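Participant: Quick one: this structure, given as C-alpha cells, is what I'll be asking you about.
The values are calculated or read from the model by the stated rules, or taken from the named source; none is laboratory data. Note that the structure is a prediction, hence the values are computed from the model and not measured. Cβ atoms come from the backbone with ideal geometry, glycine included; neighbour counts cover every protein chain shown. Ligands, DNA and RNA are stripped out before the accessible areas are found, and what is left, the full protein with its side chains, is counted by its heavy atoms. Shrake-Rupley method; radii C 1.70, N 1.55, O 1.52, S 1.80 Å.
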Amino acid sequence: MTKIKKSTVFFCKECGYESAKWMGQCPGCKEWNSFVEEPVSTHALKKNGSGNSTVSGTATVLSQITMKEEDRISTGMKELDRVLGGGVVAGSLTLVGGDPGIGKSTLLLQVCRNLSDSGHKVLYISGEESLKQIKMRAMRIGEFSDNLLLLCETNLSIIEQTIKELEPKVVIIDSIQTMYSEEVTSAPGSVSQVRESTGMFLQMAKGLGVSIFIVGHVTKEGTVAGPRVLEHMVDTVLYFEGDRYASYRILRGVKNRFGSTNEIGVFEMREQGLTQVANPSEYMLSGRPEDAAGCVVACTVEGTRPLMVELQALVCNSNFGIPRRQATGMDFNRVNLLMAVLEKRVGVQISNCDAYVNLAGGMKIQEPAVDLGVVMAIISSFRNRPIDEKTVVFGEVGLSGEVRAVSLSEQRLQEAKKLGFTTCIMPRANADALQDKGDDKIKIIGVSNVQEAIELI
Ligand code: TYD
Ligand code: MG
C-alpha cells in the first residue's frame, strides 16, 4: 500500500517558516499563534528554492562584466534616492512595506510621475484600487505624462504577459497580497501565493532588466502574509513608517543589496501628496517651548545624518507606593536605567518620583547618544531649572555614570552650528578631538561624567 501524500502544510505568516504540523510558537521568529494551514503547492516549492535561476550555466570572470553609468535611474525624489543608495537599479526588486494607509501607494505614484516625466516607461499595476480611484489620487498629486500606464489586474499570468508586451522600465505592484497565480490553490495573500508571485516578479526583474517595486502591507491579524515573508527574496527592503497622528513619514532601508541600509528619508504628508523634508531637524524642533524646565535638544544620528530632537521630561512626586515611569519614543528600560545611574552615582533622590520622558514629534530613537540628553532633561525637570534653549547635548551614559564618546561627533556639531545653537555639550573624548572646531559661534563643552553635565544646568 502506498502512503497517502500530505496535501497541506503550515506556514508562519510573519516570517514564512514552514512546518508539517501546527505549532503554537514559530521557531523562526518566536511569534505566537502565527501558523496558518495552506494547501501544499509543488510548483511553488520547486521555484522558491531557486528564485534567482535566470542566468545561463556558463561562469563569467568579474572583470568581463560590463556596467553602464545609467544603470541607476533617479526617482526624482532625493530622499528616496538616498535610501535606495543613489537611485533605482535596473533589474532590481524592491519591497516597500508599511502599515495600511501610511502612504505607500501615494509615494509610488509620485515616483511614477517623476519617472514618466523624465521619459521612462512606467507601468503601475494595482490590485486594490480601480482606475477611477487611482485617477482621483493622481489628480491630487498633479499632472502625469503619457509614459505612465495603468493596469488593474491581480492575475499573475496576465501581468506577466502585459509586462513582456509593453517592456516598461519600471513596474509597480500594489500590493503583493492581492496578486494570485492560478497554479497555486491557496487564496491571494497566503504565504504560498505571496511567495509564488514574488518569485515570478524576481525572475521578470532579472530576466528582462525591469525594476520592480512591490508594495507589502504589514498586517497584525488575519491570514494575510506580511512583507517579512519575502524579505529574503528581494534586493531591497524599505519600510515606510510614521505616527498616524503626525504628518511626517520616515522611509527606512532595512536591506539593500546596492547600498547602505543606514539611510532614512523623511517626508511629510500634505494635501497634494508627500513632500520631501530636506531639513528634518528644523522640522522636529518647530514649536519648541522657550525656557521650559525639563526640555533639552539632543542630537542623534540616523544613518549618516544628524538629527536634532527635542527631549522632554517631567519628574514629580509620586502619590502611590510604586512610582510611575513612562517613556515615549525611546526605550522604557533605558530610561529606568538612566534614572538608576542618577540615583546611585550622583545621589539624586528620584527613586520615589514619577517620571515621564517624551520625544517630541512622535519619532522613535534607539541610539544611545541621546542618553545624556535624557539625563539632563530629567534633572532639569527635577530641579525645575530650565536649560539654555541654544544648547545641544549628546553622549552615551555608562553604568558607572561616565559619559562615553559617540561616533560622527563632527557632523553633529556642524548640524548644531547650522541650526544656530551656541553651546554643545558632548563627551570629553569627543570634545578633545574637536577642540579646534569650536569658534565664536559655537562653544564646545566636554564632560566626562554625569555629575559634570548636571552641574552645567
Ligand atoms: P495611501 O498611499 O493610500 O496608503 P497605503 O497605500 O500605504 O495604504 O495613503 C493614504 C493616506 O494618505 C490617506 O489616509 C490620505 C492621505 N493622503 C493625503 O493626506 N494627501 C494626499 O495627497 C494623498 C494622495 C493621500
Ligand atoms: Mg495603497
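Participant: Just wondering, is there one or more residues in region 157-165 that are open to solvent by 60 Å² or more (accessible area, probe 1.4 Å) and within 13 Å of ligand 2 (Cβ to nearest atom)?
Facilitator: No: zero hits.
Participant: Here's something else I'd like to know. Quick one: Leu109 ticks every box in (1) surrounded by fewer than 21 Cβ atoms within 10 Å (Cβ to Cβ); (2) within 16 Å of ligand 1 (Cβ to nearest atom) bar one, so which box is it?
Facilitator: Result: Leu109 passes all but (1).
Participant: For region 298-333: of the residues being β-branched (Val, Ile, Thr) and more than 19 Å from Asn384 (Cβ to Cβ), which is most open to solvent (accessible area, probe 1.4 Å)?
Facilitator: Taking region 298-333 as the starting set, the residues that turn out to be β-branched (Val, Ile, Thr) are 300-301, 304, 309, 315, 322, 328.
So of that shortlist, the ones also more than 19 Å from Asn384 (Cβ to Cβ) come out as 300-301, 304, 309, 322, 328.
On the way: Thr300: 1, Val301: 20, Thr304: 79, Val309: 1, Ile322: 141, Thr328: 70 Å².
It comes out as Ile322.
Participant: Do the conditions hold for Arg113, that is, is it at pLDDT 90 or above and under 24 Å from the mean Cα position of the chain (by Cα)? It would help to see each step written out before you state the result.
Facilitator: Numbers: at pLDDT 90 or above: yes; under 24 Å from the mean Cα position of the chain (by Cα): yes.
Criteria met by Arg113.
Participant: Right, another one. Of all residues in region 243-252 being in a strand (DSSP E or B) and hydrophobic (A, V, I, L, M, F, W, C), which is surrounded by the most Cβ atoms within 10 Å (Cβ to Cβ)?
Facilitator: It comes out as Leu251.
Participant: So, in region 253-290, of the ones that are of a type in the set (Lys, Arg) and away from ligand 1 (no atom under 16 Å from the Cβ), which residue ends up least open to solvent (accessible area, probe 1.4 Å)? Steps first, please.
Facilitator: We begin by selecting, within region 253-290, every residue of a type in the set (Lys, Arg); these are 255, 257, 270, 288.
Next, only the ones that are away from ligand 1 (no atom under 16 Å from the Cβ) stay: 255, 257, 288.
On the way: Lys255: 49, Arg257: 117, Arg288: 69 Å².
Among residues in region 253-290 that are of a type in the set (Lys, Arg) and away from ligand 1 (no atom under 16 Å from the Cβ), the one least open to solvent (accessible area, probe 1.4 Å) is Lys255.
Participant: While we're looking at this one, here's another question. Where residues in region 66-103 are more than 16 Å from ligand 2 (Cβ to nearest atom), open to solvent by less than 40 Å² (accessible area, probe 1.4 Å) and of a type in the set (Val, Ile, Thr), which of them is nearest to Arg244 (Cα to Cα)?
Facilitator: Val83
Participant: Only one of these conditions is not met by Ser400: (1) in a loop (DSSP other than H, G, I, E, B); (2) under 28 Å from the mean Cα position of the chain (by Cα). Which number is it?
Facilitator: (2)
Participant: With at pLDDT 85 or above, away from ligand 1 (no atom under 16 Å from the Cβ) and over 25 Å from Thr422 (Cα atoms) as the only criterion, which of Gly329, Gly294 stands out?
Facilitator: Within the list Gly329, Gly294, the selection yields Gly329.
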